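Down below is the structure, laid out as structure tokens.
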Amino acid sequence: MQEPTFLILTALAAGAQHGYGIMSDVARISDGRVRLRAGTLYAALDRLKADGMVTSDKEEVVDGRLRRYYRITDEGTAQLATEVRRIRANAAVAASRLGLAGGAL
Amino acid sequence: MTWTAELEGRPGGLPARRRTRMERRYRRLLTLYPKAHRREHAEEMIGVLFAAADYDARVRAPRPVAWALRSGQHLADCADLVAGAARIRGRLLAHRVKQAARSSWIVRDQRWSDALAVISVIAPVLLLVAALAEFHLPQAVASSLTGHPHWRLTTTLGLSDLPLAAGAPAVAVLAFLRLRRLAGLGALAAATGQALLAQDGAAVQRPASPFAGPFAGWASPVVAFTVLLACTAAAALLLSPGPARGLALLTRGGATLIGAGALILGGFSVGGNVWLDTRSGFTQGLGSGMTGLPGDLLIAAVLVTVAVGCLRAPVSRRVLALLAIPVIPYAILWQEKLAGDLFGQAGGASASIASSLPLLYLPPLLLAIVIVAGTWLSRRRATRQGRPASPAGPRSAVSA
């Protein structure tokens, strides 16, 4: 799973969000390191929807502009959980080899 | 709380004129996206783009720096829109290619698809038998094994023989290795090569051929038969699920009939009389009339038996219609042989229907058109009536 995908799913794991909300949340989660733009975000959402990991939730109009909310599906939650386990396992191995085990990380 | 919270309430934002210009540019770039995506997400994306641009516009910085920052972000957003469109279109294209590779090219009508699958087993076998008989390969093998002087390779292989001599075994091997598409393309290449090189072959092998004229090579029933058989094999291999499905559909009786039929047809027809060849010494006492006529009658019996056997099930009736395409020139070859055997070579020519380009190719072409048009019409009628064009046939639909 690529980092933008991981971060989008992480953003949606807290609850349904609209496009700009996801962009803002991803920047906050990554501490400003990853800044998604509209093209990248909607290409990723398009793929995630096609893979059944994300679905449209509700729509609203704010200041004359359409806002569509997205939420993570059960499939998306399962994929994210699998990815978290994988990253955690890898990180644990890396930490132990670096002698950082025991909460030094 | 979002990362824009710190800017909330701060004055600024984009001036109206700049906003209009930017929106026009975004909308132009959004035309790069697929129509369905644009319809669903265009307004939403413009909203997100302006939300991000408003955030950038509120950042406090000296004027030239703020201008450079805004312009840079706008350019980056535009480039990202183009990249996003390319990603979505690329994924759509990959999906379509994958779908096309998986399902397209296969005839949708279940019965015709099954009939073509059966043909994808029969046609490569017949093609191989035709090549073996045409180039007297069984005689050559028998000669090498027994040392018999009469059973030897009598045909000198030339360039014009290459498509059939190399293509037929290759198609048969690929078909039975379940490499359906590759076998289909091989059959197509063999048919094309045979058709293109037929002229050279006619000039070399039959300098005084009765089929004179610029298309003398194509007016030979042997060439017409092998070209049409290779074309039928190619269509069957490329447009059906292939030999795996064909073998599953064939009953034991059908398989036996095909095997025996191919053996008899190969032994008696295209490449000459393998089994009752007068030169073999085996039948020298029988005389030429006796050696030709039983073969002719046996061929007719095989063809009639196959035809009658095929009339029993809907799929095998379709198999018969498809097999008739290459068999038409074969029948012309057979009646020429029959007339020759009955009346001798001199009288046979006047007693038989002479081969010609229209006679060899027009009936198979018309038959193919009738099959395609008939299938299309029945499918259209079924669609209008709201029922499936052809129900799935039983597992063993071909019984002979």
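The values are calculated or read from the model by the stated rules, or taken from the named source; none is laboratory data. Bear in mind the structure is a predicted one, so any value in this text is a computation, not a measurement. Here the Cβ is made from the backbone with ideal geometry for all residues, glycine too, and neighbour counts use every protein chain on show.
I'd like to know if the range A:69-86 contains one or more residues that are within 14 Å of chain B (Cβ to nearest Cβ), without any contact (Cβ under 8 Å) to a residue 24 or more places away in the chain and small (Gly, Ala, Ser).
Scanning the range A:69-86, I find no residue that is within 14 Å of chain B (Cβ to nearest Cβ), without any contact (Cβ under 8 Å) to a residue 24 or more places away in the chain and small (Gly, Ala, Ser), so the answer is no.
Can you run down the residue pairs with Cβ atoms below 6 Å, 6 or more apart or on separate chains, where the first is in the range B:66-85 and closer than 21 Å to B:Glu43 by Cβ and the partner is of a type in the set (Lys, Arg)?
Listed by first residue and then by second, the contacts come to B:Asp77/A:Arg37; B:Asp80/A:Arg37.
Here's the yes/no breakdown for (1) modelled with pLDDT under 90; (2) more than 14 Å from chain A (Cβ to nearest Cβ); (3) in a helix (DSSP H, G or I):
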{"site": "B:Arg27", "(1), (2), (3)": "no, no, yes"}
{"site": "B:Ala42", "(1), (2), (3)": "yes, no, yes"}
{"site": "B:Gly47", "(1), (2), (3)": "yes, no, yes"}
{"site": "B:Phe50", "(1), (2), (3)": "yes, no, yes"}
{"site": "B:Leu75", "(1), (2), (3)": "yes, no, yes"}
{"site": "B:Gly84", "(1), (2), (3)": "no, no, yes"}
{"site": "B:Ile88", "(1), (2), (3)": "no, no, yes"}
{"site": "B:Lys98", "(1), (2), (3)": "yes, no, yes"}
{"site": "B:Arg102", "(1), (2), (3)": "yes, yes, yes"}
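Only residues that are more than 10 Å from every other protein chain (Cβ to nearest Cβ) and either at pLDDT 90 or above or farther than 18 Å from B:Arg21 by Cβ (or both): list them for the range B:52-73, please.
Result: B:Arg58, B:Val59, B:Arg60, B:Ala61, B:Pro62, B:Arg63, B:Pro64, B:Val65.
Cβ contacts < 6 Å: first residue of a type in the set (Phe, Trp, Tyr), restricted to the range B:221-232; second residue assigned to a helix (DSSP H, G or I), any location; separation 6+ or different chain. Result?
Matching pairs, first to second residue: B:Phe225/B:Pro326; B:Phe225/B:Pro329; B:Phe225/B:Tyr330.
What number of residues in the range A:37-62 are facing chain B (nearest Cβ under 9 Å) and within 11 Å of the chain's Cα centre (by Cα)?
Of the residues in that region, 3 qualify.
State which residue is modelled with the lowest pLDDT when the search covers only the range B:124-147 and only residues that are surrounded by 15 or more Cβ atoms within 10 Å (Cβ to Cβ) and in a loop (DSSP other than H, G, I, E, B).
B:His136
List the residue pairs whose Cβ atoms are under 8 Å apart, where the first residue sits in the range B:92-109 and is within 16 Å of B:Ala236 (Cα to Cα), the second is modelled with pLDDT under 75 and surrounded by 10 or more Cβ atoms within 10 Å (Cβ to Cβ), and the two are 6 or more positions apart or on different chains.
From residues that are within 16 Å of B:Ala236 (Cα to Cα), the pairs are B:Arg108/B:Ala389; B:Asp109/B:Ala389; B:Asp109/B:Ser390.
Any residue in the range B:332-339 that is under 27 Å from the mean Cα position of the chain (by Cα), surrounded by 15 or more Cβ atoms within 10 Å (Cβ to Cβ) and modelled with pLDDT of 65 or more?
The answer is yes, given that some residue of the range B:332-339 is under 27 Å from the mean Cα position of the chain (by Cα), surrounded by 15 or more Cβ atoms within 10 Å (Cβ to Cβ) and modelled with pLDDT of 65 or more.
If you scan the range A:52-99, which residues turn out to be surrounded by 12 or more Cβ atoms within 10 Å (Cβ to Cβ), modelled with pLDDT under 90 and acidic (Asp, Glu)?
A:Asp57
For the range A:17-36, name all the residues that are at the interface with chain B (Cβ under 8 Å from one of its Cβ atoms) and among the hydroxyl-bearing types (Ser, Thr, Tyr).
A:Tyr20, A:Ser24
Residues that are surrounded by fewer than 17 Cβ atoms within 10 Å (Cβ to Cβ), at pLDDT below 90 and at the interface with another protein chain (Cβ under 9 Å from one of its Cβ atoms): does the range A:4-16 have at least one?
So far as the range A:4-16 goes, no, none of its residues is surrounded by fewer than 17 Cβ atoms within 10 Å (Cβ to Cβ), at pLDDT below 90 and at the interface with another protein chain (Cβ under 9 Å from one of its Cβ atoms).
B:Ala68: hydrophobic (A, V, I, L, M, F, W, C) and exposed (fewer than 15 other Cβ atoms within 10 Å of the Cβ), yes or no?
yes
Please pick out the residue among B:Leu179, B:Leu159 that is in the same structural domain as B:Val129 (by TED's automatic domain parsing), out of contact with any His (no Cβ under 9 Å at 6 or more places or on another chain), surrounded by fewer than 19 Cβ atoms within 10 Å (Cβ to Cβ) and at pLDDT 85 or above.
B:Leu179
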